[in-house]
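First the structure, in the form of structure tokens, and then the observations on it.
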Amino acid sequence: MITALKGALLIDGTGKEPVNNSLLLMENGRILYAGPDNPDRIPGKAEIISLEGKTVLPGLIDTHIHMDLHGMANTFEENLVEDKLRAIRTVREMQDTLYSGITTVRNVGSVNHIDFAVKKAIANGWFEGPRILTCGKIISMTTAGNEYFAGMYREADGCDEVRKAAREQIKAGADFLKLMATGAYMNPGGVPGASQLSREEMAVVVEEARKVGLRVAAHAHGKEGIINAIRAGVHTIEHGTFIDDEVIDLMIDCGVYLVPTLSAGYLMEKYGPERGVPSFMLEKSRGEDRRFRENLCRAIEAGVKVAFGTDAGTNYNFHGRNALELVILVEQGYMEPLQAINSATRVSAEALGLAEWLGTLEEGKAADVIVVNGVLDKSLAPLLDKVEMVYTGGRQVRPALTKGQEYELI
Ligand SMILES: [Zn+2]
């Protein structure tokens, strides 16, 4: 059966101008047509859905989440929830993520391989959820602070150990690998500017990933660590806090994607110690905000490819509220609305190596489609609470349930 979505504003994710009064046809999980309305194109036997006053766009692709963190005010307390309960909670939160319009996620670090079990449960059809790419544990050097997210890191030192750590994640079913190029903000021991794994160690991770056709994501704040990671051959830089002109040029030359994850800092700041966010996290980032904002603007202007990533799961960064990142990008002047949508669709699909079949509404591509009540021209806020229909692979899933609610912080 062909489904026809008719009359909406169409944003196809390619970067082309939106199309008013559009038609989108899908059949057997694929897009048959997306463009101006044309009655001749609708076959006799089609389910026709009229969508005047609404916007149709590709399902969003969040390239940086932590599926089994819950958004607790103090992330250390995540450790108090046993893994079995966490896994069940994660299933629920992946459902909410899908219903909110995020049809694909890249999970960049999970506790004790909960990610693989959840991915399998969704693939088996036991629960609805987004398409999931996941990496298992994050490969990190031995360092203070990793215990803050117990079970999330595979510590390894020296090329041989790092190689084994990489192979372990691949054996467990990793879709890509994630490594720590620098320290972190979100644990008490981490020094964000300090380099961690060496260039040689990271190159080993990239080598093991390449052998089986996988990509590598690097957590990297400090400049030296970012450069080491890019030279080692990683595909995405997560956070990128200390980027400057030299790094921007290098990223463009090497075609490396940046995933800025603005929501994480924004929400930590917004809720603050009054609402239980540990003050050490805020103290570490104090003063750096403005410089990063300026450098990120320059990076975007210069043409660095920016993928959509939220760090969902961190403090008050709830699963299902991922679109906040896009609202921030637009409201704080980093991107125009259309540009932000392209970042969350086509560019993110490219960053994950999926652009051949995902990320845009073009003939032959997977029918991951969302419908928003309202016209997405000036603000992207409707993506937070007005996603009315979600299709994944042409199949409609239940509509958004979260409607902006905040989860209780058990
Ligand atoms: Zn993260």
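The values are calculated or read from the model by the stated rules, or taken from the named source; none is laboratory data. Only a predicted model underlies this, so the values are computations on that prediction, with no experimental measurement involved. Cβ: placed from backbone, ideal geometry, glycine included. Neighbour counts: every protein chain shown. The area values use the complete protein model at the heavy-atom level, side chains included, leaving out ligands, DNA and RNA. Shrake-Rupley method; radii C 1.70, N 1.55, O 1.52, S 1.80 Å.
What to note about this one:
- Test for GLY173: is it in the same structural domain as ARG86 (by TED's automatic domain parsing) and away from the ligand (no atom under 16 Å from the Cβ): yes
- Subset tally (residues that are surrounded by 24 or more Cβ atoms within 10 Å (Cβ to Cβ) and in contact with an Asp or Glu (Cβ under 8 Å, 6 or more places away or on another chain)) for segment 266-288: 0
- Extreme residue, farthest from the ligand (Cβ to nearest atom), among residues of segment 251-261 that are hydrophobic (A, V, I, L, M, F, W, C) and surrounded by fewer than 22 Cβ atoms within 10 Å (Cβ to Cβ): ILE252
- Test for LYS223: is it in the same structural domain as LYS137 (by TED's automatic domain parsing), at pLDDT 95 or above, open to solvent by 10 Å² or more (accessible area, probe 1.4 Å) and among the basic types (Lys, Arg): yes
- Residue pairs meeting the criteria (Cβ under 9 Å; at least 6 apart or on separate chains; first in contact (Cβ under 8 Å) with a residue 60 or more places away in the chain and farther than 14 Å from TYR153 by Cβ, in segment 181-192; second among the acidic types (Asp, Glu) and within 13 Å of the ligand (Cβ to nearest atom)): none
- Test result for PHE116, of a type in the set (Phe, Trp, Tyr) and modelled with pLDDT under 95: no
- Residue in segment 105-113 that is among the β-branched types (Val, Ile, Thr), within 14 Å of the ligand (Cβ to nearest atom) and either part of a loop (DSSP other than H, G, I, E, B) or surrounded by fewer than 24 Cβ atoms within 10 Å (Cβ to Cβ) (or both) present: yes
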